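All remarks here apply to the structure that follows.
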Amino acid sequence: QVHLVESGGGLVQAGGSLRLSCAHSGRRFSTTTMGWFRQAPGKEREFVAAISWIRDNTVYADSVKGRFTISRDNPKNTLYLQMNDLKVADTAVYYCAASHMSLSIVAAGYAYWGQGTQITVSS
């Protein structure tokens, strides 16, 4: 129903920057929240950031506050994650997700997921 496609992943040195994009298509719902999660090998999927598609309010994980910025372009149906001052610990597969609930930091609150894009931060 809802299709999410991430792009912008790759290899970057510690301290560098990357911007992820997530193209959103399919059905549209006025209550949709969109967010970013990440999962490193052997670890559970963890919350990174989320934004309300309508209200533009945001929430961030403590580990990325001050470094990452989530934003959206509604006419382009695109979600972004600007990642600055990347650390080796940021290495993970990053997933774009969409929810029809209010802002959530729990993966179970999101009904739709992209395929993920790999971010590798080298020292």
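Note on the chain: with neighbouring protein chains present and a 1.4 Å probe, carbon and sulfur make up 51 percent of its accessible heavy-atom surface. Taking all protein chains into account, the per residue accessible area for the chain stands at 51 Å² (1.4 Å probe). Sorting 3-12, 100-109 by average packing, meaning the other beta carbons within 10 Å per residue, from highest down gives 3-12, 100-109. Report for the chain the percent antiparallel among DSSP-assigned beta bridges with both residues inside it, nearest 5. Around 90 percent antiparallel, to the nearest 5. Which residues among the range 75-102 fall inside the zone where the amide N is under 15 Å from a point 7 Å beyond the Cα of Gln1, along Cα→Cβ? Residues passing the 15 Å test: 98-102. Packing order of peptides 92-98, 73-79, highest average first: 92-98, 73-79 (average count of other Cβ atoms within 10 Å over each peptide's residues).
The values are calculated or read from the model by the stated rules, or taken from the named source; none is laboratory data. Computed from a predicted model, the values in this text were never measured in an experiment. For neighbour counting, all protein chains shown are included, and Cβ atoms are generated from backbone atoms with ideal geometry for every residue, glycine included. These area figures cover heavy atoms from the full protein model, side chains too; ligands, DNA and RNA do not enter into them. Shrake-Rupley method; radii C 1.70, N 1.55, O 1.52, S 1.80 Å.
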